[in-house]
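Working notes, structure below.
The values are calculated or read from the model by the stated rules, or taken from the named source; none is laboratory data. None of these values were measured; they are calculated from a predicted model. All Cβ positions, even for glycine, are placed from backbone atoms using ideal geometry, and neighbour counts span all protein chains on display.
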Amino acid sequence: MNRIHNFSAGPAILPTEVLQEAQAELLNYQGSGMSIMEMSHRGKHYDAVHQEALANFRELLSVPDDYGILLMQGGATSQFSLVPMNLRLEGRVADYINSGSWSKKAIKEAKILGNVNVAADCGSEIPTRQARQEELKLSDNAAYLHCCSNETISGAQIKQFPKSNAPLVADMSSDILSRRLTISDFGLIYAGAQKNLGPAGVTLVIVRKDLAAGVSESVPEMFRYQTHLENDSLYNTPPTFGVYLLCLVTRWLKAKGGVDAMEALNDRKANKLYTAIDGSEFYTGTAVPEFRSTMNVTFRLPTEELEKQFIAEAGKKDMDGLKGHRSVGGIRASIYNAFPEEGVDALVAFMKEFEQTNG
Ligand SMILES: *Cc1c(COP(=O)(O)O)cnc(C)c1O
């Protein structure tokens, strides 16, 4: 099987077993004579998949009953607008932490819809980091506090979530299901699927039901969390094939031992790379060490020339997707849940070899 080491930041690697299963039942889903993507979203086959995906998420993340789980569309980018549309109670300010590119985009959208207080700004700092609790300048009566749990581009991840009196909203697009969470610490969590959950096209939202219920009448039906809550995410046609793949990924995660097992594996994978970086004078980690991401490992080489050469030679060894985001350069190894440990070992071995020849 010609599967390469796929370090893509997103859309990203999916478990091979999941793709094989989808392939096996692509033409004839469970004896129906149709593909799952060719059938009604109100029929029994799709409904079973839809309900199982929701139930598996609830189980994997221990989501309490007073929270709804929604399967939406429009990506995390739509959530940048939907959060303020739904949660901004009339005339109130929303607190935002700027920790980099993605939170900056969320702030930009929220400003279109109302008042934003930037509670901490570390968005343009290199090396990059997340905000510390003691530096937060929180508003007195904020509608919510927004953070990005893992800045996919810089590789800076929140290790201890911020505390405030307002409900906490987190963009977890690139680290949802990578580690254990206490859902009751949050008012709302959202994540585009294409990094750690499945293919692009599905957006997961976990929302405390009382917050969703506070939506203003002026918000269109389709853009209300409440609408999707009341209709079990079947208000309109859901992205059926994406939800099906998500269902397979959640089954795969359960079989692998769930979020606790994934967290241990993710820590081990990331540690191998950070140990390789710290053990050399040649490689330099991009993120401030206490905020180093377990999902997106970012680092630099002594020159941009060497970085280009590194990426090209890695490519010849079947390692793809290592080029850092165009806005920051450098190297980024994205090692989501589905990325196998052998691929990390291969990269560590290549890093040593490359340093020996070029260091
Ligand atoms: C990828 C990403 C987004 C954007 O997701 P889309 O699905 O493209 O809208 C937002 N936030 C974070 C943290 C991301 O990694």
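Some values worked out for this structure:
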read-out	value
Of all residues in the stretch 200-221 being closer than 24 Å to Pro11 by Cβ and buried (at least 19 other Cβ atoms within 10 Å of the Cβ), the one that is nearest to the ligand (Cβ to nearest atom)	Thr203
Residue match in the stretch 320-333 (condition: modelled with pLDDT of 95 or more, farther than 20 Å from Gly100 by Cβ and not assigned by TED's automatic domain parsing to the domain that holds Ala213)	yes
Met72, sole failed condition from (1) surrounded by 22 or more Cβ atoms within 10 Å (Cβ to Cβ); (2) more than 16 Å from the ligand (Cβ to nearest atom); (3) at pLDDT 95 or above	(2)
Tally, over the stretch 286-326, of residues that are outside any helix (DSSP H, G or I) and either within 24 Å of the chain's Cα centre (by Cα) or free of Cβ contacts under 8 Å to residues at least 24 places away in the same chain (or both)	22
Condition met for Val249 (hydrophobic (A, V, I, L, M, F, W, C) and assigned to a loop (DSSP other than H, G, I, E, B))	no
Those residues of the stretch 177-197 which are in contact (Cβ under 8 Å) with a residue 12 or more places away in the chain, part of a loop (DSSP other than H, G, I, E, B) and at negative phi, in sequence order	Ser178, Arg179, Arg180, Leu181, Phe186, Gly187, Ala193, Gln194, Lys195, Asn196, Leu197
Enumeration of residues in the stretch 130-157 that are assigned to a loop (DSSP other than H, G, I, E, B) and either charged (D, E, K, R) or touching a helix residue (DSSP H, G or I) at 6+ places or on another chain (Cβ under 6 Å) (or both)	Gln130, Arg132, Lys137, Asp140, Ala143, Tyr144, Ile153
Matching residues in the stretch 268-304 - criterion: being surrounded by 13 or more Cβ atoms within 10 Å (Cβ to Cβ) and under 30 Å from Glu21 (Cβ atoms)	Lys269, Ala270, Lys272, Leu273, Ser293, Thr294, Met295, Asn296, Val297
Qualifying positions in the stretch 7-34 - touching a helix residue (DSSP H, G or I) at 6+ places or on another chain (Cβ under 8 Å) and in contact (Cβ under 8 Å) with a residue 24 or more places away in the chain	Phe7, Leu14, Pro15, Glu17, Val18, Glu21, Ala22
Per-region count, the stretch 175-193, residues among the polar types (S, T, N, Q) and buried (at least 24 other Cβ atoms within 10 Å of the Cβ)	1
Test result for Thr240, polar (S, T, N, Q), surrounded by 19 or more Cβ atoms within 10 Å (Cβ to Cβ) and within 19 Å of the chain's Cα centre (by Cα)	no
Odd one out for Ala110 among (1) part of a helix (DSSP H, G or I); (2) within 20 Å of Gln194 (Cα to Cα); (3) of a type in the set (A, V, I, L, M, F, W, C)	(2)
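Rundown of residues vs (1) in contact with a strand residue (DSSP E or B) (Cβ under 6 Å, 6 or more places away or on another chain); (2) part of a loop (DSSP other than H, G, I, E, B); (3) at pLDDT below 95; (4) more than 10 Å from the ligand (Cβ to nearest atom), yes/no style:
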| residue | (1), (2), (3), (4) |
| --- | --- |
| Pro64 | no, yes, no, yes |
| Gly68 | yes, no, no, yes |
| Gln79 | yes, no, no, no |
| Val83 | yes, no, no, yes |
| Gly91 | no, yes, yes, yes |
| Tyr96 | yes, no, no, yes |
| Trp102 | yes, no, no, no |
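Per-residue answers, yes or no, for (1) at pLDDT 95 or above; (2) at positive phi; (3) away from the ligand (no atom under 15 Å from the Cβ):
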| site | (1), (2), (3) |
| --- | --- |
| Asp121 | yes, no, yes |
| Ile126 | no, no, yes |
| Arg132 | yes, no, yes |
| Glu135 | yes, no, yes |
| Cys147 | yes, no, no |
| Ala156 | yes, no, no |
| Pro167 | yes, no, yes |
